[in-house]
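The values are calculated or read from the model by the stated rules, or taken from the named source; none is laboratory data. Keep in mind the model is a prediction, meaning the values are calculated, not measured. A quick note on method: Cβ atoms are made from the backbone with ideal geometry, for glycine too, and the neighbour counts reach across all protein chains shown. These area figures cover heavy atoms from the full protein model, side chains too; ligands, DNA and RNA do not enter into them. Shrake-Rupley method; radii C 1.70, N 1.55, O 1.52, S 1.80 Å.
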Amino acid sequence: MKTQFFCPLWGMENLSYTEAANRVKAVGYDGMEIAAGPDKRNEAVQVTHDQGLELILMAFGGGKVFSEHKKKFHDDLLDIASYKPLFINSHTGHDYFTFEQNAELIQIAMAVEKQTGVRILHETHRGRFSYSAPAIQYYLLKIPELRLTADYSHWVNVAESYLDDQAENVNRAIAVSDHIHCRVGQPEAPQVSDPRAPEWKAALETHTVWWDAIRKRMQQANAPLLTVTCEFGPAPGYLPTLPYTNQPVANQWDINVFMKDYLKQRWQV
């Protein structure tokens, strides 16, 4: 099974797409994961293609009223799929939508996937239908075709625990997770300050064991490809900062490169 590592554009918005792609290529990533608006998607495709990089595009929907959100989600997925990314990583629905509303959005994504041939995965993320390990269980039981992007750091934060008492919930998600966001969360935040620090060794290992399990499942299924996006976020929202100066306590780029190299070494890929 081939393993490919992706770098998010998130945190490099001060660079042009060409500058960001050059930087990503230089340190050995295989591709980029980009939340590109309608006016930027063609550029994202062209620049990554020119650099020989794979491309994952992201979808979000929009609008607080369900009818508005549903239309934008559908239209956005169709437009993004027309650019033929490797797949679409979707931030689907809202935690305040009903099960029926979120399920309708998931069915829309499945219909677009069938129509276009572009895979759509649904990220486990706070604020979405998939915001916690318990909340997603009913969806997994009622919609067995559902496929996920695993970012369990959000679940750790929501549960204020490392999910030790939710092994069954996590295992059901692992069974349908096809893409990994290798962010390390902690009970009071979706991201540790620096996964290289010794105080976060146990948190890093906890998350890595989950990623190992996804990889093992895909290997046993003879999957051709595992994709991993190294997605520690930037300051000030995700990366902690010092009071008064707003100085980040670590470097987002360096952390994400570390995560890539850490998993490459662990998995010998």
Among the numbered criteria (1) of a type outside the set (Lys, Arg); (2) touching a helix residue (DSSP H, G or I) at 6+ places or on another chain (Cβ under 6 Å); (3) open to solvent by less than 20 Å² (accessible area, probe 1.4 Å), which single criterion is violated by residue 87? (2)
Going through segment 34-46 one residue at a time, which ones are touching a strand residue (DSSP E or B) at 6+ places or on another chain (Cβ under 9 Å) and either at pLDDT below 95 or open to solvent by 20 Å² or more (accessible area, probe 1.4 Å) (or both)? 35, 40, 45
Within segment 64-80, take every residue that is of a type outside the set (D, E, K, R) and part of a helix (DSSP H, G or I) and give me the one that is surrounded by the fewest Cβ atoms within 10 Å (Cβ to Cβ). 67
Residue list for segment 46-63, restricted to those being hydrophobic (A, V, I, L, M, F, W, C), outside any strand (DSSP E or B) and farther than 14 Å from residue 19 by Cα: 60
Among the residues of segment 1-33, what is the count of those that are more than 20 Å from the chain's Cα centre (by Cα), loosely packed, with under 13 Cβ neighbours inside 10 Å and within 20 Å of residue 265 (Cβ to Cβ)? 1
What are the residues in segment 212-247 that are surrounded by fewer than 18 Cβ atoms within 10 Å (Cβ to Cβ) and in a strand (DSSP E or B), if any? 225, 241
Exactly one condition in (1) more than 18 Å from residue 239 (Cβ to Cβ); (2) open to solvent by less than 30 Å² (accessible area, probe 1.4 Å) is not met by residue 205; state its number. (2)
Any idea which of 176, 184 is of a type in the set (A, V, I, L, M, F, W, C), at pLDDT 95 or above and in contact with a strand residue (DSSP E or B) (Cβ under 8 Å, 6 or more places away or on another chain)? 176
For residue 163, the lone unmet condition from (1) assigned to a loop (DSSP other than H, G, I, E, B); (2) buried (at least 18 other Cβ atoms within 10 Å of the Cβ); (3) within 15 Å of the chain's Cα centre (by Cα) is (3)
Selection status of residue 147, among the charged types (D, E, K, R), open to solvent by 30 Å² or more (accessible area, probe 1.4 Å) and touching an Asp or Glu at 6+ places or on another chain (Cβ under 6 Å): yes
